[in-house]
Amino acid sequence: MSSQSNLLRGDLLILLSALIWGVAFYFQKTAMTHIGPLLFIGLRGCVAAMALVPFALFEQRRRRDLSVQLSSTVGGNNEPTSMVSMSTGLLPFACAGGCTFFIAGAIQQMGIVTATVTNTGFLTALYVVVTPFLYWAIKRQSPTLVVWLSAALALTGVWLLSGGQFASFSQGDILVAFSSLFWALLIIVSGEAARHEQPMSYTCVQFLVVGLLGLLAALLFEVIDKNAILQAMDSILYVGLLSTALTFGVMAVALQYVPAPRASILLSFETVFAAMAGYAWLGERLSVKGWAGAVLILSAVGLLQVRRRRHKN
């Protein structure tokens, strides 16, 4: 198969992931008519973790086999080297990623109770703009002029999305926008964890932490009803299996053919698919100002992604 065909196939797989993620906002919202946000986060995490266990075990088995081969070649013994075992260094990142995902997901999930699916999609995308500034605070690397321009576009977009009055934003809109700070932090944590080259193990442990924290929080603060869980099961399975486990696998395949900067641009269409889902299934409509704001937010995200692509090239 030609490289061009592989690139096209990779692009389509990336867009499929964006579609699944965008539609996931619909299921996240409809689930709130049956169960609480903390319980949903907990069950989502548990389902995702269980689905990823076989892949994490396979990843660790391959690393152990490589360890034996390296030990046999270099040292003449079959003792596994620490380089390819599930290093203790990965565990803190996985736990930190799980805690950060739980906070981000819980805030977003609480927000989506009153925020529309459309607004949730566009406001969540703000994490792309927030990440460079958070990186600035942590790593002391100043944002470039393009980042500042993107921030200005995004802020103007949020203002227009609110109808030209921030005061008209619902509490849910504010919570969803605030969650972008923690989604940005998750990007940074995951980037640091990537150095260990154990993506399946990292993600599996991360979602196990999310599941445990969510269930514990739900036991403390929410009413848990078995019948309500069964009514929300389609949403739980969609988000836990399709929006998490499946898309992770699809992305792993697609990124073999599609450069990461190009993939990130295609993934920005998640916001468009979220708006389409809200329009088709919930009858959500944006005003002219709202659409203008949505376009500005998407432009800010796209501007940053294009800049990263050129920078890497």
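Among the criteria (1) without any contact (Cβ under 8 Å) to a residue 40 or more places away in the chain; (2) at negative phi, the one residue 140 does not fulfil is (2). The set of residues from the stretch 111-136 being of a type in the set (Phe, Trp, Tyr) and assigned to a loop (DSSP other than H, G, I, E, B) is empty. Note on the stretch 176-199: among residues that are in contact with a Gly (Cβ under 9 Å, 6 or more places away or on another chain) and aliphatic (A, V, I, L, M), the one that is farthest from residue 113 (Cα to Cα) is 193. Tallying residues that are of a type in the set (A, V, I, L, M, F, W, C) and touching a Ser or Thr at 6+ places or on another chain (Cβ under 9 Å) within the stretch 195-228 yields 1.
Quick one: which helices (runs of 4 or more DSSP H) lie wholly within the stretch 137-227 and hold at least 2 residues that are modelled with pLDDT of 90 or more and under 30 Å from residue 61 (Cα atoms)? Lay out the reasoning, then the answer.
On the way: elements: 145-161, 171-193, 199-221.
It comes to 199-221.
Only one entry of 22, 45, 10, 105 meets the criterion of being over 20 Å from residue 233 (Cβ atoms), modelled with pLDDT of 90 or more and either among the polar types (S, T, N, Q) or buried (at least 16 other Cβ atoms within 10 Å of the Cβ) (or both), and that entry is 22.
The values are calculated or read from the model by the stated rules, or taken from the named source; none is laboratory data. The shown structure was predicted, so the numbers you read here are calculated from the model rather than taken from an experiment. Backbone-built Cβ (ideal geometry, glycine too); neighbour counts: all protein chains shown.
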